[in-house]
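Structure, as structure tokens:
The values are calculated or read from the model by the stated rules, or taken from the named source; none is laboratory data. Source: prediction; values computed, not measured. Reconstructed Cβ throughout: ideal geometry from the backbone, glycine too, with neighbour counts over all protein chains shown. Only protein heavy atoms, including side chains, enter the accessible area calculation; ligands, DNA and RNA are left aside. Shrake-Rupley method; radii C 1.70, N 1.55, O 1.52, S 1.80 Å.
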Amino acid sequence: MPNPQPSGRVVVTGAGAVTPIGTGIDKFWANLCAGTNGVGPVSLLDVSDFPTRIAAEVKDFQPEDWLDKKEARRVDRFIAFAVAASRMALNDACFPDDHELRDDTGVLIGSGIGGLTLMSDQTKKLHEGGPGKVSPFLVPYMIPDMASGYVSIQERLRGPNTCVVSACSTGADAIGTAYHIVKRGDATAMVCGGTEAPINEIGMSGFCAARAMTTNNDNPAHASRPFDLHRDGFVIAEGAAVLVLEDMEHATRRGANVLAEIVGYGMSGDAHHITAPDPEGDGAVRSMKMALMRAGVEPGSIGYINAHGTSTQLNDKTETLAIKRAFGDTAYKIPVSSTKSMIGHTLGAAGAIEALICMLSIREGIVPPTINQFESDPECDLDYVPNAARKVKIDYAMSNSFGFGGHNVTLIVKRPGQR
Amino acid sequence: MPLGCGGNKHMSATILERVTKVTCEELGVTESEVKPESRFIDDLGADSLDVVELVMALEEEFGIDIPDDDVNSLSTVGDTVTYIEKKS
């Protein structure tokens, strides 16, 4: 049943993460603050023929630790990541094993691409052996919504169950959409976030062909260098982050630990180009302004911006311009970091991972750095927290996510407490 | 154990072993659970998708084709061993 009297406020009571710099929040956060690089030579497939031969892979993850043997072998990696991150988040939330509550708790975990590894492998089987050789699990374990579907089955969560797909803003849109679902009372809680496992032959080929990825193969540790003058494309990465969103009154009543409150969700479309951002950053400006308006805060209240910051020439330049347009002179006073410098670009998971980073930054009072800042670009002139983490007291933090298709998404999260 | 159908006993044991191995891999069960009389769906927990995947794995293991019309008659491990003996 829907929540008849939603408080209209939505808090985060649990979180889980699977990333190239650590599985589990504690390890992930420690590595973020230490400026740990997660990029290295690709090991998941043979890339000797590829122009890009580096990626940020998740190294400390075994699907068998989270799924039974049969399922661990079958599901696509993006589903295994979602299962693990969700289990961590529900444990972190001490989420009650209560039948009625699980009727009112939904799942919304997005993936930008879905089960591309499975798709790629099964396409080979089709070509080699004909249609009779294609697995019956291709369709269920390839479709991007199966992260939500699978987690709902595993965790017996029977509320709203759906998926959003908006390329590299998927994770942020998933959290924003789940936020609205809880805010209006269609669920008491939502398990939400993003997951992605794009490091496979067809994924690597496609992004290489789009000329979006770095080719700095000889120097993987310095390849992801958002805002640096010599940036030459993003580093592809994999991972997931999942949050438990909960109606504030419900969370208070059960005595849950609150990590942060979600207060603003802005979104817009560039209507400009399939892959390139609007050169003036118009869409990004409108997304940030919408989030600020919904949060009911002035630009000066934002204590940290986790940038989309992909390390492509175009994104970092136009995002900088957009932040300056949305914030005015205040922009120069706000620490802006791109944690993709360490994690790489996890595509549909990035928005969720980075929203989580904003919440941890508020709680810990630390802004993680943008590593690999060697030579500044005159067009990128904000405070990118170069190379070392910084102690900052933050009440509100903003995360930007932009995606192919011209999607712009901004989330604002707040320190728990009064408004 | 009516596995042989007059065939070579050593071959039968080998086919049973191979069917058991494939069944364990595909259904995530242990060898001790797989007996000739075990039913894939009722005893070993397979669903309809598992059965399709299992049949494909058996086709690959034994280099044979198992038409859909034949799949319904293969409800136990023993049925399957007998069927494969006839085909090979």
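Pull up all non-local amide H partners of residue A:377: gap of 5 or more, or a different chain, and H-to-H distance under 5 Å with H placed in the peptide plane.
Here A:229 satisfy the definition.
By how many nm would the segment from residue B:69 to residue B:39 grow when fully extended, if each residue of separation counts as 0.36 nm and the alpha-carbon distance is taken off?
On the way: separation 30, 0.36 × 30 = 10.80 nm, distance 1.80 nm.
In short, 9.0 nm is gained.
Cα to Cα, under 30 Å, and not fewer than 8 places away if on the same chain: which lysines meet these conditions relative to residue A:125?
Reachable lysines: A:59, A:69, A:70, A:133, B:21, B:86, B:87.
Students often get this wrong: which residues of the stretch A:314-349 have the backbone nitrogen under 18 Å from the point 7 angstrom along Cα-to-C-beta of residue A:379?
A:314-326
Where does each of A:66, A:29 land when they are ordered by accessible area, with a 1.4 Å probe and the largest first? Provide the component values of the computation, followed by the final result.
On the way: A:66 65, A:29 30 Å².
Heavy-atom accessible area, descending, gives A:66, A:29.
Could you tell me the relative contact order of chain B? Use alpha-carbon pairs under 8 Å, at least six residues apart, and round to a whole percent.
Values: 84 pairs, mean separation 33.7, N = 88.
About 38 percent, as a whole number.
Run through all the Cα pairs of the stretch A:264-414 and give the fraction in each 10 Å bin from 0, expressed as whole percent.
12, 47, 36, 4
Could you give the length gained on full extension between residue A:217 and residue A:418, defined as 0.36 nm per residue of separation minus the Cα-Cα distance, in nm? The partial results should precede the final answer.
Working: separation 201, 0.36 × 201 = 72.36 nm, distance 4.88 nm.
Result: 67.5 nm gained on full extension.
Please pull out the direction-averaged projected area of the protein assembly as shown, using the convex hull of its alpha-carbon atoms, in nm² to one decimal place.
On the way: hull surface 101.0 nm².
Mean projected area of the Cα convex hull: 25.2 nm².
If packing is taken as the mean number of other Cβ atoms within 10 Å per residue, what is the order of A:40-49, A:302-311, highest first? Don't jump to the answer; show the numbers that get you there.
Values: A:40-49: 13.6, A:302-311: 27.3.
Per-residue mean Cβ counts within 10 Å order the peptides as A:302-311, A:40-49.
For A:204, A:1, give me the order by solvent-accessible area with a 1.4 Å probe, most accessible first, ignoring ligands, DNA and RNA.
Final ranking, largest accessible area leading: A:1, A:204.
For chain A, what relative contact order do you get, as a whole percent, if you take Cα pairs closer than 8 Å and at least 6 residues apart? Intermediate values should be presented prior to the final figure.
On the way: 1176 pairs, mean separation 98.4, N = 419.
Over chain A, the number comes to 23 percent.
Working only with C-alpha atoms, what are the Rg and Dmax values of the stretch A:1-107, expressed in angstrom?
Reported Rg and Dmax, both Å: 17.9, 58.
Using the Karplus equation 6.51 cos²θ - 1.76 cosθ + 1.60 (θ = phi - 60°), what ³J(HN,Hα) coupling, rounded to whole Hz, does each residue of the stretch A:62-71 give in order, writing x for Gly and Pro?
Listing the rounded values in order: 10, x, 5, 6, 10, 9, 5, 4, 4, 5 Hz.
On a C-alpha basis, how far is the centre of the stretch A:210-278 from the centre of the stretch A:360-419 in Å? Whole number, if you could?
Cα centroid of the stretch A:210-278 versus Cα centroid of the stretch A:360-419: 10 Å apart.
Bin by bin, in steps of 5 Å, what percent of the Cα pairs in the stretch A:261-337 do you find, going until the bin that has the longest distance?
In order of increasing distance, the bins hold 3, 16, 26, 27, 17, 8, 2 percent.
I'd like the distance separating the alpha-carbon centroids of the stretch A:51-80 and the stretch B:21-70, in whole Å.
25 Å
If you count, for each residue, the other Cβ atoms within 10 Å and average over each peptide, how do A:98-111, A:70-83 line up from highest to lowest?
Details: A:98-111: 23.3, A:70-83: 25.2.
Going by the mean number of other Cβ atoms within 10 Å, highest first, we get A:70-83, A:98-111.
Let's test the formula: R0 of 30 Å, r as the Cβ-Cβ distance of residue A:232 and residue A:272. What FRET efficiency results, to the nearest 0.05? Present the calculation step by step, with values, prior to reporting the outcome.
Numbers: r = 22 Å, r/R0 = 0.75.
That pair, residue A:232 with residue A:272, gives E of 0.85.
Taking θ = phi - 60°, what integer Hz values does the Karplus form 6.51 cos²θ - 1.76 cosθ + 1.60 yield along the stretch B:38-53, in sequence order, with x for Gly and Pro?
Each residue of the stretch B:38-53 in turn: 5, 8, 4, 7, 6, 9, 9, x, 6, 10, 5, 6, 4, 5, 4, 5 Hz.
For the stretch A:24-90, what relative contact order do you get, as a whole percent, if you take Cα pairs closer than 8 Å and at least 6 residues apart? Could you put the intermediate results ahead of the total?
On the way: 33 pairs, mean separation 16.7, N = 67.
That works out to 25 percent.
For chain B, state what percent of all Cα-Cα pairs lands in each successive 5 Å bin, counting from 0 Å until the bin that includes the largest distance.
Per 5 Å bin, starting at zero, the Cα-Cα P(r) for chain B comes out as 3, 15, 30, 28, 18, 6, 1 percent.
Two decimals is fine: what is log10 I(q)/I(0) at q = 0.16 Å⁻¹ for the stretch A:10-253, from a Debye sum with one equal scatterer on every Cα and no solvent?
-1.16
Quick check of the Kirkwood formula: for the stretch A:155-210, what is the inverse mean of 1/r over all pairs of different Cα atoms, in Å? Working shown, then result.
Details: mean 1/r = 0.0762 Å⁻¹.
The answer is 13.1 Å.
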